[in-house]
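Report on the structure given below.
The values are calculated or read from the model by the stated rules, or taken from the named source; none is laboratory data. None of these values were measured; they are calculated from a predicted model. So basically every Cβ, Gly included, is an ideal-geometry build from the backbone, and we count neighbours across all protein chains shown.
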Amino acid sequence: MGGGRDRGRRLPEKEALHKINEHITAQQVRLVGEEAEGSAVMSTREALRLADERELDLVEISPNADPPVVRIVDYSKFLYQQKKKAKEIKANAVKVVIKEIRFGPQTDDHDYNFKLKHAEGFLKDGSKVKAYVFFRGRSIVFKEQGEILLLRFATDLEELAKVEMMPKLEGKRMTMMLAPKVKK
(Lines give C-alpha, C1' and ligand atoms only; values in the text may rest on other atoms or scores of the structure.)
Protein backbone atom coordinates (compact mmCIF):
# COMPACT_ATOMS: atom_id res chain seq x y z
CA MET A 1 0.00 0.00 0.00
CA GLY A 2 2.43 2.80 -0.94
CA GLY A 3 1.93 6.09 -2.69
CA GLY A 4 0.05 8.43 -0.32
CA ARG A 5 2.07 11.53 0.45
CA ASP A 6 1.87 11.43 4.22
CA ARG A 7 1.88 7.66 4.75
CA GLY A 8 3.96 6.61 7.72
CA ARG A 9 5.03 10.17 8.41
CA ARG A 10 5.54 10.99 12.09
CA LEU A 11 3.14 13.72 13.08
CA PRO A 12 4.58 16.65 15.00
CA GLU A 13 2.81 17.00 18.37
CA LYS A 14 1.24 20.28 17.23
CA GLU A 15 -0.43 18.59 14.26
CA ALA A 16 -1.70 15.59 16.22
CA LEU A 17 -5.11 17.31 16.43
CA HIS A 18 -6.60 14.63 14.17
CA LYS A 19 -5.69 11.04 13.50
CA ILE A 20 -4.65 10.55 9.90
CA ASN A 21 -4.04 7.54 7.66
CA GLU A 22 -2.60 4.52 9.57
CA HIS A 23 -3.01 6.35 12.90
CA ILE A 24 -6.79 5.73 12.67
CA THR A 25 -7.41 2.69 14.91
CA ALA A 26 -11.14 2.02 14.33
CA GLN A 27 -12.13 -1.07 12.32
CA GLN A 28 -14.96 0.70 10.51
CA VAL A 29 -15.40 4.38 9.61
CA ARG A 30 -18.06 6.62 8.08
CA LEU A 31 -16.59 8.35 5.03
CA VAL A 32 -18.13 11.75 4.26
CA GLY A 33 -17.49 14.27 1.51
CA GLU A 34 -17.59 14.25 -2.31
CA GLU A 35 -15.72 10.92 -2.47
CA ALA A 36 -18.45 9.11 -0.53
CA GLU A 37 -21.44 10.72 -2.28
CA GLY A 38 -23.19 11.43 1.01
CA SER A 39 -21.84 9.21 3.75
CA ALA A 40 -20.85 5.56 3.58
CA VAL A 41 -19.79 3.11 6.32
CA MET A 42 -16.80 1.01 5.28
CA SER A 43 -13.73 -0.68 6.69
CA THR A 44 -10.80 1.58 7.55
CA ARG A 45 -8.64 -0.43 5.13
CA GLU A 46 -11.06 0.30 2.24
CA ALA A 47 -11.15 4.03 3.13
CA LEU A 48 -7.34 4.11 3.25
CA ARG A 49 -7.22 2.47 -0.20
CA LEU A 50 -9.57 5.14 -1.61
CA ALA A 51 -7.42 7.92 -0.10
CA ASP A 52 -4.29 6.25 -1.49
CA GLU A 53 -5.78 6.13 -5.00
CA ARG A 54 -6.36 9.90 -4.87
CA GLU A 55 -2.93 10.50 -3.27
CA LEU A 56 -4.65 12.28 -0.38
CA ASP A 57 -4.95 11.68 3.36
CA LEU A 58 -7.67 9.98 5.37
CA VAL A 59 -8.45 12.37 8.25
CA GLU A 60 -10.58 11.49 11.29
CA ILE A 61 -13.02 14.40 11.67
CA SER A 62 -15.22 13.14 14.52
CA PRO A 63 -13.52 10.43 16.61
CA ASN A 64 -16.36 10.15 19.15
CA ALA A 65 -19.02 9.22 16.61
CA ASP A 66 -19.98 5.57 16.12
CA PRO A 67 -18.38 4.67 13.74
CA PRO A 68 -15.79 7.52 13.63
CA VAL A 69 -16.32 10.03 10.80
CA VAL A 70 -13.47 10.44 8.29
CA ARG A 71 -12.85 12.51 5.18
CA ILE A 72 -10.39 12.21 2.31
CA VAL A 73 -8.48 15.51 2.02
CA ASP A 74 -5.02 17.01 1.72
CA TYR A 75 -4.20 17.24 5.46
CA SER A 76 -2.08 20.40 5.28
CA LYS A 77 -4.85 22.16 3.30
CA PHE A 78 -7.41 20.88 5.82
CA LEU A 79 -5.38 22.32 8.75
CA TYR A 80 -5.04 25.65 6.93
CA GLN A 81 -8.82 25.86 6.43
CA GLN A 82 -9.45 24.98 10.09
CA LYS A 83 -7.11 27.77 11.24
CA LYS A 84 -8.74 30.21 8.81
CA LYS A 85 -12.22 29.37 10.16
CA ALA A 86 -11.05 29.81 13.76
CA LYS A 87 -9.53 33.17 12.86
CA GLU A 88 -12.80 34.35 11.26
CA ILE A 89 -14.81 33.29 14.31
CA LYS A 90 -12.39 35.14 16.58
CA ALA A 91 -12.53 38.27 14.40
CA ASN A 92 -16.33 38.30 14.52
CA ALA A 93 -16.48 37.89 18.31
CA VAL A 94 -17.68 40.93 20.20
CA LYS A 95 -14.82 42.66 21.94
CA VAL A 96 -15.72 44.26 25.27
CA VAL A 97 -13.89 47.52 25.87
CA ILE A 98 -13.79 48.91 29.39
CA LYS A 99 -13.01 52.59 29.84
CA GLU A 100 -12.04 53.87 33.28
CA ILE A 101 -13.04 57.19 34.77
CA ARG A 102 -11.35 58.27 37.99
CA PHE A 103 -12.74 60.65 40.56
CA GLY A 104 -11.43 62.02 43.82
CA PRO A 105 -13.78 62.01 46.81
CA GLN A 106 -14.24 65.79 46.52
CA THR A 107 -14.40 66.24 42.74
CA ASP A 108 -15.91 69.65 41.88
CA ASP A 109 -18.83 70.16 39.47
CA HIS A 110 -16.73 71.27 36.50
CA ASP A 111 -14.53 68.14 36.60
CA TYR A 112 -17.58 65.98 37.25
CA ASN A 113 -19.41 67.35 34.19
CA PHE A 114 -16.28 66.97 32.05
CA LYS A 115 -15.96 63.30 33.05
CA LEU A 116 -19.71 62.77 32.60
CA LYS A 117 -19.44 63.92 28.95
CA HIS A 118 -16.56 61.48 28.39
CA ALA A 119 -18.59 58.64 29.91
CA GLU A 120 -21.55 59.47 27.64
CA GLY A 121 -19.26 59.25 24.61
CA PHE A 122 -17.81 55.91 25.75
CA LEU A 123 -21.28 54.45 26.34
CA LYS A 124 -22.54 55.65 22.94
CA ASP A 125 -19.55 53.89 21.35
CA GLY A 126 -20.62 50.66 23.09
CA SER A 127 -17.86 50.56 25.71
CA LYS A 128 -18.41 49.70 29.35
CA VAL A 129 -17.44 52.35 31.89
CA LYS A 130 -15.67 51.56 35.14
CA ALA A 131 -16.04 54.62 37.35
CA TYR A 132 -14.06 54.75 40.55
CA VAL A 133 -13.24 57.09 43.38
CA PHE A 134 -9.65 56.84 44.56
CA PHE A 135 -9.05 57.68 48.21
CA ARG A 136 -5.56 59.05 48.95
CA GLY A 137 -4.15 58.96 52.45
CA ARG A 138 -6.71 60.03 55.05
CA SER A 139 -9.37 60.88 52.43
CA ILE A 140 -10.84 57.42 53.12
CA VAL A 141 -12.91 59.17 55.83
CA PHE A 142 -14.96 60.63 52.94
CA LYS A 143 -16.09 57.22 51.64
CA GLU A 144 -19.78 58.25 51.95
CA GLN A 145 -19.06 61.23 49.67
CA GLY A 146 -17.43 58.86 47.17
CA GLU A 147 -20.46 56.59 47.16
CA ILE A 148 -22.84 59.55 46.73
CA LEU A 149 -20.69 60.77 43.80
CA LEU A 150 -20.81 57.39 42.05
CA LEU A 151 -24.57 57.00 42.58
CA ARG A 152 -25.10 60.53 41.18
CA PHE A 153 -22.94 59.51 38.19
CA ALA A 154 -25.10 56.40 37.62
CA THR A 155 -28.29 58.46 37.90
CA ASP A 156 -27.03 61.04 35.38
CA LEU A 157 -26.22 58.24 32.91
CA GLU A 158 -29.32 56.09 33.46
CA GLU A 159 -30.72 56.82 29.97
CA LEU A 160 -27.55 55.47 28.32
CA ALA A 161 -26.37 52.85 30.79
CA LYS A 162 -27.43 50.25 33.29
CA VAL A 163 -25.49 49.65 36.50
CA GLU A 164 -23.71 46.30 36.30
CA MET A 165 -22.02 46.59 39.67
CA MET A 166 -23.09 48.90 42.48
CA PRO A 167 -20.39 50.98 44.25
CA LYS A 168 -18.11 48.67 46.19
CA LEU A 169 -15.08 49.58 48.29
CA GLU A 170 -11.95 47.60 47.36
CA GLY A 171 -8.95 48.81 49.35
CA LYS A 172 -8.49 52.52 48.55
CA ARG A 173 -10.88 52.44 45.58
CA MET A 174 -14.66 52.52 45.41
CA THR A 175 -15.63 51.03 42.06
CA MET A 176 -18.84 50.93 40.02
CA MET A 177 -19.39 49.30 36.60
CA LEU A 178 -21.78 50.68 33.96
CA ALA A 179 -22.74 48.89 30.73
CA PRO A 180 -24.40 50.52 27.71
CA LYS A 181 -28.13 49.85 27.37
CA VAL A 182 -28.99 47.68 24.39
CA LYS A 183 -30.77 49.71 21.71
CA LYS A 184 -34.07 48.23 20.59
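Residue selection: Glu164 satisfies the criterion of being touching a residue at least 12 places away in the same chain (Cβ under 8 Å) and among the acidic types (Asp, Glu).
With at pLDDT 85 or above, more than 22 Å from Leu160 (Cα to Cα) and either acidic (Asp, Glu) or surrounded by fewer than 17 Cβ atoms within 10 Å (Cβ to Cβ) (or both) as the only criterion, which of Lys117, Lys83 stands out?
Details: Lys117 fails: more than 22 Å from Leu160 (Cα to Cα).
Selected residue: Lys83, the only one of Lys117, Lys83 that is at pLDDT 85 or above, more than 22 Å from Leu160 (Cα to Cα) and either acidic (Asp, Glu) or surrounded by fewer than 17 Cβ atoms within 10 Å (Cβ to Cβ) (or both).
Within the stretch 135-154, being in a helix (DSSP H, G or I), closer than 11 Å to Arg173 by Cβ and either without any contact (Cβ under 8 Å) to a residue 40 or more places away in the chain or more than 39 Å from the chain's Cα centre (by Cα) (or both) holds for Ile140, Lys143. If you go through the stretch 121-134 and keep only what is over 10 Å from Met174 (Cα atoms) and part of a strand (DSSP E or B), you end up with Lys128, Val129, Lys130.
Pick out, from the stretch 44-120, the strands (runs of 3 or more DSSP E) lying fully within it that include 1 or more residues that are touching a His at 6+ places or on another chain (Cβ under 6 Å) and in contact (Cβ under 8 Å) with a residue 40 or more places away in the chain.
Ranges flagged: 57-62.
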